[in-house]
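The values are calculated or read from the model by the stated rules, or taken from the named source; none is laboratory data. Quick caveat, the model's predicted, so the values are computed rather than measured. Note: ideal-geometry Cβ built from the backbone for every residue, glycine included; neighbour counts use all protein chains shown.
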Amino acid sequence: MTTSVSSPQTQGSGAHTAVAARARGLTKAYGSGETRVVALDAVDVDMPRGRFTAIMGPSGSGKSTLMHCLAGLDTASGGRIWVGGTEITKLRDKKLTRLRRDSIGFIFQAFNLLPTLTALENITLPMDIAGRTPDREWLERVVETVGLAGRLKHRPAQLSGGQQQRVAVARALAARPEIIFGDEPTGNLDSRAGAEILGFLRHSVDQLGQTIVMVTHDPVAASYADRVLYLADGRIVDEMHAPTADAVLERMKSFDSRGRTS
Amino acid sequence: MTVLRTSLRNFLAHKGRMALSAVAVLLSVAFVCGTLVFTDTMNATFDKLFATTASDVTVSPQKVDNAQQTGTPDSLPASLQARLAQVPGVAGVVPEVSSQLATVADSSNQDVGSSTGAPTIVANWNPTQTKSVDITSGHVPLGPGDAVLDADTAAKHHLGIGDRLRVIAGPGDVTVTISGIATFRTTNPGAAVVYLDTPTAQRALLGSHDAYTDYALAARPGVSDDQLKVQVTAALGSGTYQVQTAAEVTAQNQKDIGSFLDPMKYVLLGFAGIAVLVGIFLIVNTFSMLVAQRTREIGLMRAIGASRRQVNRSVLVEAVLLGVVGSLAGIGAGIGLAVGLIKVMGALGMHLDTASLTIKPATPLIGLAVGVVVTVVSAMLPARRAGAISPMAAMRDAGTPADARAGRIRAAIGILLTSAGGTALALAATSASASAGAGPLAIGVLLTLVGFVVVGPLLAGLVVRVLGAVTLRMFGPVGRLAERNALRNPRRTGATAAALMIGLALVAGLSVVGDSMVASATAQMNTSVGADFIIQAGNGQPISPAAARAVHSAGHLSHVTDRTDVAATVTAPDGTVDKTEIAAATPSYTDDLQAKTVQGQLIDAYAPGAMSVPAGWAKDHKVTLGDRLDVAFTGGTTARLTVRAITSDDTVFDKGAMYTNIAEARKYLPADRFPENVMMFAAAVPGQQAQADAALKAATAAYPQVKIRDQAEYKDMIQQQLDQLLNMIYALLALAIIVAVLGVVNTLALSVVERTREIGLMRAIGMSRRQLRRMVRLESVVIALFGAVLGVALGMGWGIAAQKLLALAGLGVLSIPWTTIGVVFLGSAVVGLLAALFPAFRAGRMNVLKAIATD
């Protein structure tokens, strides 16, 4: 596996650890009493800096919930979560919002872009909201990397699905966040466009030292990651390093059959 | 059946989204029903009052058309009483004295008369009065010094038994002491009433002990009112006296009161109509947005076999449900509104009885019809659009509907209508006479209004960008997002702003006309009014001879002008007959009001046997200088007067007046038929303005009805009267503006729902709640300001066209009320902020996870 060449975090501080996000005893439960459903059951997890982690698991395994909690979109019922050096479990909405804005990038499955803004405006939106001027040089590099140079003035409606996702990737990268979370970022794309996006993500980890966590159910997508975490019934049940699509598929099958027989 | 069920479920599922539309229907229907209930209640109250006061048969002086305003009511000889008593079938004759021309003052010379427009009545105490009032304390008037006052007036002015009152009437003054308080059995709608003993009433009001104003006759048992009337008419001869049965008197009174109440009713209904119009925009927007949001659902229904008609009908059924719910609530609210109005009127001195609240069966039906028809008509277009959704829509990606680009046809129609309207306005502005321009003005107003509504969405792009550049850019990316959001669906923004535009255009237009009126009147006063003091009686009554004498007696004055209107019938050389009034004045009037002439000198019209006519009249009747007119003074003789001057119609004051010398007019009328002064003017001895003012006020101190104003005070009065009128209109337009504001709230609230996913995304990538709320607020402000820009542009166009049209009729000065215009803009921005309160709160509260997980 490749190791990160250089950290993109230039304005770094002592808070920099080898881990970009971490959870200890992370529990998420819905309802109470009889109807209590546990989505995450005391999960301990580390997302190493400069690495590409994929989270897999069957529907209802809690993989999206895990990502949402780590990203500060959802609140945990128990346990503690850190992003960078900050514990986010105790943060109020205002600080959490600022953390998302400054330290976290998002790529959703669909509907990633504001239809009223051009591609470029979408890319710089998090920085605009923060009132920061984007780093020109870095922005150009990111735009070039995802191959959007000619399309910056276009509105989302004028872009193909793959191009829209590339804009989303560029937006996530442009602000140089601590960590990028992808929620099935290729789920709505055909395999070629999906491969392109995954290539960019891989590239940004290798070349730009970005940390990425991606939820997926596609073994091919997972094979782009450095590490795959398997979730079942709200627990991390397995982990695979340097995955290949076939190996991931095999592992999934075994979970599936186990799940059915149990 | 399925259609109905789907509609019902949809309606219930989206009741929140329908709420504001329902409120719009509610407000409009409430205004309509409230007006009807209120005016019906007023009518019923008066009917009850009239029914209790009318006698079986009343004999009164024959009504004369175009009568002289002498200040003394017409009377009947006292000898008639004995003759009437002899008429078969008459059980009793009650002679009555009653006048509405007197002023009643308290011991400190304050007018205690009615100030609500209801009459001040001074009458003799007679047995008929006990039908309508009870003496609740003290005793009836027993002698010349006694008076009974009605309880409402006594309470309002803190008067009681033993307090002194002065009754000031044409024949003179009398001072009396309150001996009793009378309370109305039915509702007293605000009249101030004083009862005197019969001889005192005769002397004070008629100046003669040998006269009464009417006789109330009671019929013997078994004799009907109609039979009695026949008998009386036979005995007195027809034509000399007016003989009316109780039913006829009541009908007459109802007709009189109706001529006052009906215009009020139609004006109020007119404003309700404007609110209804504005509500239509709101409802169209709501249904358009609901259909847009439901595109996939409708596509699915179409895919599984629902026909266009079924889809169409399902939307219309929802509209009917909305209309029914809104109207029913509106009918209830309308009755509440009427009760509220009655209470307000009560506080102002007009006591209406809420117990006699009159809800005619037609009222709820009208309310329901208005509400349902308006809602269904408004939903027609969106329903058609829903029907046109293809089954393929079910398969397509959800998300916000594509930008509805305003089409070229729309642009063409809008521009065509606007320019046609603009041409009509220009035509009106340049037309030769006010009456010729009225038609084009009305057409122009209507066409430009419709044109602006049609082109609104197209202008949205331009105006919102300019507004954005001016106001939103300072808010950075949030401002930019707000601007883009406002531009995203121009049709929706256009319709929302257009609703606001209607009310604001009327405000702007009327304010331009009103301000121009004041400016023109002021300008004309500065150039043509030479009098230092303008003297009038309050309540639009004439100045009594005693008060006029008091004015003449004041010192430090270089001259005093008497001015009155003498009723007369003028026959032009072409044979046309005009029942009109001649403005008879002292020649010094030519200095007090320097009316412009188009031919001849004004002062020549004051020579013996001379008069002036206005230019328009002269033109219509082909009258030129030197022509002789037959002027038959009502109740007097006919004069042949020579036209010596023709006055200009370009005036604010005395428009259309025919002048003659007051001394000349007196020659043709007996002294007791000559009308009292309607106005007086006075000029101070040069340099003694202040002393003259003091002298005039001292001389007329005993006549509280006489108001003395110098030029500045008179200008203030004009300004105040106009402000009062405008404020009343603005208050009524407020309803339309409120409905329009609801429309802004509605559009924003529905937009927030529609943009749930976007909002979730923005929150996820780090937009704070505050920024999000600000974004919604700014969008709202920009829509409201867009409406204000359209409204002010339209209103100013209307106002300027109207001023130019009326420039020939005295409205020569164009004055743009910049303060009002500024307030409109500022107010719109504030209204925009307020409208966004709830939608912004809602957007801020949206759960990020749920928002991005939608669908």
Open item on the list: So, residue B:749, is that one at pLDDT below 90, closer than 17 Å to residue B:492 by Cβ, assigned to a helix (DSSP H, G or I) and among the hydrophobic types (A, V, I, L, M, F, W, C) or not?
Closed with: yes
Open item on the list: So if I check each of B:202, B:227, B:231, B:244, which one is surrounded by 15 or more Cβ atoms within 10 Å (Cβ to Cβ), within 15 Å of residue B:90 (Cα to Cα) and either out of contact with any Gly (no Cβ under 8 Å at 6 or more places or on another chain) or among the β-branched types (Val, Ile, Thr) (or both)?
Closed with: B:244
Open item on the list: more than 14 Å from every other protein chain (Cβ to nearest Cβ) and touching a strand residue (DSSP E or B) at 6+ places or on another chain (Cβ under 8 Å): which single residue out of B:685, B:739 fits that description?
Closed with: B:685
Task: Conditions (1) more than 10 Å from chain B (Cβ to nearest Cβ); (2) surrounded by 15 or more Cβ atoms within 10 Å (Cβ to Cβ); number of the one not met by residue A:96 - done: (1)
Open item on the list: Take residue B:840 and tell me if it is closer than 30 Å to residue A:70 by Cα, buried (at least 18 other Cβ atoms within 10 Å of the Cβ) and touching a Lys or Arg at 6+ places or on another chain (Cβ under 8 Å).
Closed with: yes
Task: Enumeration of residues in the range A:131-157 that are within 20 Å of residue B:766 (Cβ to Cβ), within 12 Å of another protein chain (Cβ to nearest Cβ) and surrounded by fewer than 16 Cβ atoms within 10 Å (Cβ to Cβ) - done: A:131, A:132, A:133
TODO: Scan the range B:764-822 for residues that are within 26 Å of residue B:472 (Cβ to Cβ), under 24 Å from the mean Cα position of the chain (by Cα) and of a type outside the set (A, V, I, L, M, F, W, C) and jot them down.
DONE: B:791, B:795, B:819, B:820
Open item on the list: Checking the condition assigned to a helix (DSSP H, G or I), buried (at least 21 other Cβ atoms within 10 Å of the Cβ) and modelled with pLDDT of 85 or more, which residue from B:566, B:570, B:453 passes?
Closed with: B:453
TODO: Return only the number of the condition from (1) within 30 Å of residue B:499 (Cα to Cα); (2) surrounded by 18 or more Cβ atoms within 10 Å (Cβ to Cβ); (3) not aromatic (Phe, Trp, Tyr) that residue B:250 does not satisfy.
DONE: (1)
Task: Residue count for the range B:64-78, restricted to those that are within 13 Å of residue B:240 (Cβ to Cβ) and either loosely packed, with under 15 Cβ neighbours inside 10 Å or touching a helix residue (DSSP H, G or I) at 6+ places or on another chain (Cβ under 6 Å) (or both) - done: 2
Open item on the list: Can you go through B:829, B:853, B:802, B:807 and tell me which one is more than 14 Å from every other protein chain (Cβ to nearest Cβ) and modelled with pLDDT under 90?
Closed with: B:807
Task: Set B:274, B:283, B:257: member being surrounded by 23 or more Cβ atoms within 10 Å (Cβ to Cβ), in contact (Cβ under 8 Å) with a residue 24 or more places away in the chain and not basic (Lys, Arg) - done: B:283
Task: Count - residues of the range B:352-396 that are closer than 30 Å to residue B:190 by Cβ, in contact (Cβ under 8 Å) with a residue 60 or more places away in the chain and not in a helix (DSSP H, G or I) - done: 6
Open item on the list: Would you confirm, using the coordinates I've provided, whether residue B:493 is within 14 Å of chain A (Cβ to nearest Cβ) and within 26 Å of residue B:732 (Cα to Cα)?
Closed with: yes
Task: Per-region count, the range B:470-486, residues in contact (Cβ under 8 Å) with a residue 60 or more places away in the chain and under 43 Å from the mean Cα position of the chain (by Cα) - done: 7
Task: Filtered residues of the range B:758-788 (kept if at pLDDT 90 or above, buried (at least 24 other Cβ atoms within 10 Å of the Cβ) and charged (D, E, K, R)) - done: B:779
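Here's the yes/no breakdown for (1) of a type in the set (Val, Ile, Thr); (2) within 14 Å of another protein chain (Cβ to nearest Cβ):
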| residue | (1), (2) |
| --- | --- |
| B:449 | no, no |
| B:455 | yes, no |
| B:465 | no, yes |
| B:482 | no, yes |
| B:499 | no, no |
| B:503 | no, no |
| B:507 | yes, no |
| B:536 | no, no |
| B:549 | no, no |
Task: residue A:120 surrounded by fewer than 24 Cβ atoms within 10 Å (Cβ to Cβ), away from chain B (no Cβ under 13 Å) and more than 18 Å from the chain's Cα centre (by Cα) - done: no
Open item on the list: residue A:90 - would you say it is in contact with a His (Cβ under 9 Å, 6 or more places away or on another chain) and more than 13 Å from chain B (Cβ to nearest Cβ)?
Closed with: no
TODO: Note down all Cβ pairs under 7 Å where the first residue falls in the range B:40-62 and is over 18 Å from residue B:98 (Cα atoms) and of a type in the set (S, T, N, Q), the second is in a helix (DSSP H, G or I) and modelled with pLDDT of 90 or more, and they're at least six residues apart or on different chains.
DONE: B:41/B:338
- [ ] Examine the range B:532-555 for a residue that is under 30 Å from residue B:818 (Cβ atoms) and within 35 Å of the chain's Cα centre (by Cα), and state whether such a residue exists.
- [x] yes
